[in-house]
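S.K.: I'd like to ask some things about the structure below.
The values are calculated or read from the model by the stated rules, or taken from the named source; none is laboratory data. This is a predicted model, so every value here is computed, not measured. Note that we place each Cβ from the backbone using ideal geometry, even for glycine, and neighbour counts take in every protein chain shown. Heads up: the accessible areas ignore ligands, DNA and RNA and are worked out on the full protein's heavy atoms, side chains in. Shrake-Rupley method; radii C 1.70, N 1.55, O 1.52, S 1.80 Å.
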Amino acid sequence: MSVSAATTSGTFFTVTVIAPTSNPLRRQWAAIITNNLKQINIDARLIYVSFGVMSGLTFGCSADNCGKTYDQGGFDVHFVGYGGGTPLPDFGTQNQVTYRSLTAADYAPTGANYYFYHNDTYNQLSVQYNTEFNATARISIAQQMVRIVSQDKPDMPIFYGVDVYGIKNYLSPWGTNQAEGATTANRDFQHWGVSTGTEINIAETGDINSVNQWVNGPANTYYDAYLYNPTAASLEEVDARTLGYFNALATSIKSSSDHLTWDVSFRAHSFQDGVPVTSDDYLFSIMGSIDTDVGYVGGGTLQSLLGDYGHGGACNCSQVQFTYLNGTSDYVVGGTYSHGTAPGGFTATSVWTAVNATSFRFTLTDPYLFADPILTGIAAAPMHVFEELPFATWSNSCYATLHTTPCPYVYNLPGQANHGGNGSAVAYGPVGDGPYFYHGYDTVTGTGTLVKWGGYWNASGLQGLGLFGAQTIHVVHILNKDNALAAFANGQVNFLDANYQLNPTDFPVLTSNGGTGTQRASPGAGFQMMAVQNTHPILGTGTATPLGISDPSRAAEAARDVRAALSHAIPRQYIIDNLNQGIGTIGITEFCSCFGFAYPSDVQPDSFDLTLSAQLLAKAGYTTQSGGVTPIQPPTISCQAPAGSPGGAVSIPSFLSGNTLALSGTFAVVPAKGAGTGGFYATLQQSTDSGTTWTPVAMTLTSTGGYYSFSYTPTVSGAVWYRVFFTGVSYNALQAFAPSSPSFPEGYTWPQSNSTSAGTSQNGLPQLNSTDVQYSAVTTLTVGSLAQVVQDALSSLAASDTVAIHDAVCGLADSTNSAISDLTTSVNTRLDALAAKSDSLNNNLTNLSYIAYAALAVAIILGLVAIALSRRKAS
């Protein structure tokens, strides 16, 4: 991050914008929004990285770079999608929205608040929401929470998604091919019917990096979840058809009347290595999840639910006791583990007890509205596998990392507490009690494999319904949508993940190849967003904004205005209509608009308005002139008699130096050629010799449909010609090179790389354009300054050979200067009064007034010239 002085030619500040290579449409709207930020004088620098790299800088950060700016190893601004969680309106935790920062554990890496937003009022409301069982009161609390984040804008949802999958017709999740959504798509393959073959072959656009069932930041991706979710079975599951929860392994769930004591019983069953699952394994699952060293991304939420935070409790902390079947106890206080003996001063805020082999009990200090199913529907963790491993090593163990060779392990080692008996087994990765066991990852093909486990507790029941039909599941990383559609067409895959952003233009490919495009709107579909680092000194804290520097007490206010400026630079409806083919609804906050009750009537989506963005930046102190209101300084008409012969005609430029040339349009692109390309490179070419030679001066990416937009300030004067060159070279083709110069993409297309008669290219580079090159119409400008116009006029006049005429004209010029000076004083007086209302307005008036005064001066001078010339003619 760097801050520059505000000038008419400079930029306000610099930010790095990160977008992943894994989603072609996300790359496109990232480019569009970044270009808009540049138009409001923000030096936004867009970079594309793999999803795994982006994860490590953002939501998958470590203790070393969480909460840091890009220059410090974190991020400034990035684009990502968020979804796949519970369909319940669980707003008081981070299970549905991620704004809460009630405890340090709510921040990454143990929490989902990775952008480090903090608002005390919001946090208190989240506690009230969790514990409020009156629906009317709860709605009021939710609306207050929505109003706060809509004003603070800690992140900026672009649109709420609709899950669109491509699926072969012989696959029938839950007996239909229209039931899948983000909440269930990567965890319920046991409910799928397969009428042709025995495989589910899934294509996903994101890279696979982990199979860590203790989901830490790097593993907290929708892509990795396809491989680790099916290895575990939950006490409660979600019916994909209704999005309602039902008892799966659980046989009984009961609570006390005050909702503070819960008893859960479950079916006897085993892990995939044959070791019986007991109540100890469910206690162990919670214990590991709230230990900070494990790094589970939901650990912060669990700590808060099991503590007495936020309401003046005895400790304002979490102190949790776990008592196992053998009578021993473990303790976790504020995320720190103690074995056998309670730490000093321990007072339990939650107690988990293994009642018998198939039932357990837990207590809470505060009631939690969604304890059933969020706490009662958990999955077991194999205590016999992990109990001898240090907590900090779990996420890097053989059970969490990608590899192709099995890992042997033994349990009940000396010193263990006899969990699971004596034995040994092998595992390729996570060990669980789910319907499929993980069978390795092929790094060459980018494919992970799951194999059906016949010992799954409900195998026979599901098979009797015609479900649980897949013997093998392959999950393969295919980056581009075009390639994924081709793989669907040739039968390599039979299920396309929703993150390809499939739309109706892709459906003919699906239907002509024995498939269907499904569309499912639900809270789990989540949202696409632009996230900002809330510790950033400009975007987050505001301490480095001009207003924050001059008045530190208003720094937070300035940062809100800057974030609002960014939000108004997002063309949300355009992105939905033109990039996503009308799929989705405009984003407001992380609270899904499908929960309409949470939105008060005065909270509306931000408009796309770059003028408003500029005004908001001006409120934060970013104006095109430093130092607040700058009085207008109109041009002064000088009257000097230059030596030499009389001047010629006065030339008026068609384009004034220092202004910005805006060009936009759409090139004709065949949809099939543009789909999945990430867009095409286009360059702005300039000529100063009537179009004989052209030089590239700027570069942009078009949309996949060929839309482009340029903003360019000419650096030459005189007659200049401009045109836009559509190279036909896609973003994907040059992705590895990260082009930084407009001449770079031109080197890989006609005419520079055009093959000669000898069969070699003119510049030695391959021709990479995947569609025809095209040119826009030529724009012709005469670029000049107002000063030159005035000087030309004066030169023409002052060359008069009649001293009397010259003196008379100069006298009139002096009178004109005096009149303009009086007018200037009057206008500046009014500008002073307006300045407190809007610095941006002052800047606009300054520019307009300057042009008006200059035009007035030119008109007067030209009038004087006409008078002088007419007199000369008459004599």
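S.K.: Provide a single number: the residues in the range 485-506 that are open to solvent by less than 40 Å² (accessible area, probe 1.4 Å) and in contact with a helix residue (DSSP H, G or I) (Cβ under 6 Å, 6 or more places away or on another chain).
M.R.: So in the range 485-506, the residues open to solvent by less than 40 Å² (accessible area, probe 1.4 Å) come out as 485, 487-488, 493-503, 506.
From what is left, the residues that are in contact with a helix residue (DSSP H, G or I) (Cβ under 6 Å, 6 or more places away or on another chain) are 485, 493, 496, 500-501.
Of the residues in the range 485-506, 5 are open to solvent by less than 40 Å² (accessible area, probe 1.4 Å) and in contact with a helix residue (DSSP H, G or I) (Cβ under 6 Å, 6 or more places away or on another chain).
S.K.: Considering only residues that are open to solvent by 60 Å² or more (accessible area, probe 1.4 Å) and either closer than 11 Å to ARG723 by Cβ or without any contact (Cβ under 8 Å) to a residue 24 or more places away in the chain (or both), which ones fall in the range 679-695?
M.R.: Across the range 679-695, the qualifying residues are THR692, THR693, THR695.
S.K.: Here are TYR117, TYR107, TYR129: which of them is in contact with a Cys (Cβ under 8 Å, 6 or more places away or on another chain) and not assigned by the TED database to the domain that holds GLY335? Steps first, answer last, please.
M.R.: Details: TYR117 fails: in contact with a Cys (Cβ under 8 Å, 6 or more places away or on another chain); TYR129 fails: in contact with a Cys (Cβ under 8 Å, 6 or more places away or on another chain).
Answer to the check: TYR107.
S.K.: Could you please let me know if ALA498 is under 17 Å from GLY676 (Cβ atoms), in the same structural domain as ALA182 (by the TED database), of a type in the set (A, V, I, L, M, F, W, C) and out of contact with any strand residue (DSSP E or B) (no Cβ under 9 Å at 6 or more places or on another chain)?
M.R.: no
S.K.: In addition: Suppose we keep only residues that are among the hydroxyl-bearing types (Ser, Thr, Tyr) and modelled with pLDDT under 80 within the range 395-415. Which one would you say is farthest from PRO430 (Cα to Cα)?
M.R.: Within the range 395-415, the subset among the hydroxyl-bearing types (Ser, Thr, Tyr) is 395, 397, 399, 401, 404-405, 409, 411.
Right, trim to modelled with pLDDT under 80 and you get 404, 411.
Details: THR404: 13, TYR411: 15 Å.
Checking each candidate, the answer is TYR411.
S.K.: Further question: Considering only the range 548-562, state which residues are open to solvent by less than 20 Å² (accessible area, probe 1.4 Å) and either touching a strand residue (DSSP E or B) at 6+ places or on another chain (Cβ under 6 Å) or of a type in the set (A, V, I, L, M, F, W, C) (or both).
M.R.: ALA555, ALA558, ALA559, VAL562
S.K.: With respect to the numbered conditions (1) among the aliphatic types (A, V, I, L, M); (2) farther than 23 Å from ALA179 by Cβ; (3) under 32 Å from the mean Cα position of the chain (by Cα), which one is the sole condition not fulfilled by VAL475?
M.R.: (2)
S.K.: While we're looking at this one, here's another question. Does the range 203-211 include one or more residues that are touching a strand residue (DSSP E or B) at 6+ places or on another chain (Cβ under 6 Å) and either without any contact (Cβ under 8 Å) to a residue 12 or more places away in the chain or of a type in the set (Ser, Thr, Tyr) (or both)?
M.R.: no
S.K.: Out of the residues in the range 207-225 that are under 15 Å from GLY84 (Cβ atoms) and buried (at least 24 other Cβ atoms within 10 Å of the Cβ), which is modelled with the lowest pLDDT?
M.R.: Out of the qualifying residues, it is ALA219.
S.K.: Exactly one condition in (1) under 17 Å from LEU768 (Cβ atoms); (2) open to solvent by less than 60 Å² (accessible area, probe 1.4 Å); (3) not in a strand (DSSP E or B) is not met by LYS673; state its number.
M.R.: (2)
S.K.: Okay, moving on. Counting only residues that are in contact (Cβ under 8 Å) with a residue 60 or more places away in the chain, of a type outside the set (Val, Ile, Thr) and open to solvent by 10 Å² or more (accessible area, probe 1.4 Å), how many does the range 181-202 have?
M.R.: 4
S.K.: Scan ILE290, ILE374, ILE378 and give me the residue that is under 24 Å from TYR411 (Cα atoms), out of contact with any Phe, Trp or Tyr (no Cβ under 7 Å at 6 or more places or on another chain), aliphatic (A, V, I, L, M) and not assigned by the TED database to the domain that holds PRO87.
M.R.: Values: ILE374 fails: under 24 Å from TYR411 (Cα atoms); ILE378 fails: out of contact with any Phe, Trp or Tyr (no Cβ under 7 Å at 6 or more places or on another chain).
Answer to the check: ILE290.
S.K.: Among (1) crowded, with 22+ Cβ neighbours inside 10 Å; (2) in contact with a Leu (Cβ under 9 Å, 6 or more places away or on another chain); (3) modelled with pLDDT under 95, there is one condition LEU249 misses while meeting the rest; what is its number?
M.R.: It fails just one condition, (3).
S.K.: Kindly establish whether VAL97 is within 20 Å of the chain's Cα centre (by Cα), surrounded by fewer than 22 Cβ atoms within 10 Å (Cβ to Cβ) and among the hydrophobic types (A, V, I, L, M, F, W, C).
M.R.: In short, no.
S.K.: Name the single residue that is most open to solvent (accessible area, probe 1.4 Å) among those in the range 565-605 being part of a helix (DSSP H, G or I) and of a type in the set (Gly, Ala, Ser).
M.R.: Among them, the one singled out is GLY596.
S.K.: Take the residues of the range 321-335 that are open to solvent by 40 Å² or more (accessible area, probe 1.4 Å) and assigned to a strand (DSSP E or B): which is modelled with the highest pLDDT?
M.R.: GLN321
S.K.: To continue, here is another question. All but one of (1) surrounded by 21 or more Cβ atoms within 10 Å (Cβ to Cβ); (2) within 22 Å of LEU306 (Cβ to Cβ) hold for ALA104; which doesn't?
M.R.: So ALA104 meets the others, but not (1).
S.K.: Pick from ILE202, ILE148: which is touching a Phe, Trp or Tyr at 6+ places or on another chain (Cβ under 7 Å) and part of a strand (DSSP E or B)?
M.R.: Of the residues listed, the single one that is touching a Phe, Trp or Tyr at 6+ places or on another chain (Cβ under 7 Å) and part of a strand (DSSP E or B) is ILE202.
S.K.: Something else about it: For the range 220-265, which fully contained strands (runs of 3 or more DSSP E) count at least 1 residues that are under 33 Å from the mean Cα position of the chain (by Cα)? Break it down into steps so the answer makes sense when it comes.
M.R.: On the way: elements: 236-238, 245-247, 250-255.
Ranges flagged: 236-238, 245-247.
S.K.: Now for a different question. Are any of the residues in the range 165-176 part of a strand (DSSP E or B), in contact with a helix residue (DSSP H, G or I) (Cβ under 9 Å, 6 or more places away or on another chain) and charged (D, E, K, R)?
M.R.: Yes; the residues of the range 165-176 include at least one that is part of a strand (DSSP E or B), in contact with a helix residue (DSSP H, G or I) (Cβ under 9 Å, 6 or more places away or on another chain) and charged (D, E, K, R).
S.K.: For the range 29-53: of the residues being modelled with pLDDT under 90 and not in a strand (DSSP E or B), which is surrounded by the most Cβ atoms within 10 Å (Cβ to Cβ)?
M.R.: PHE51
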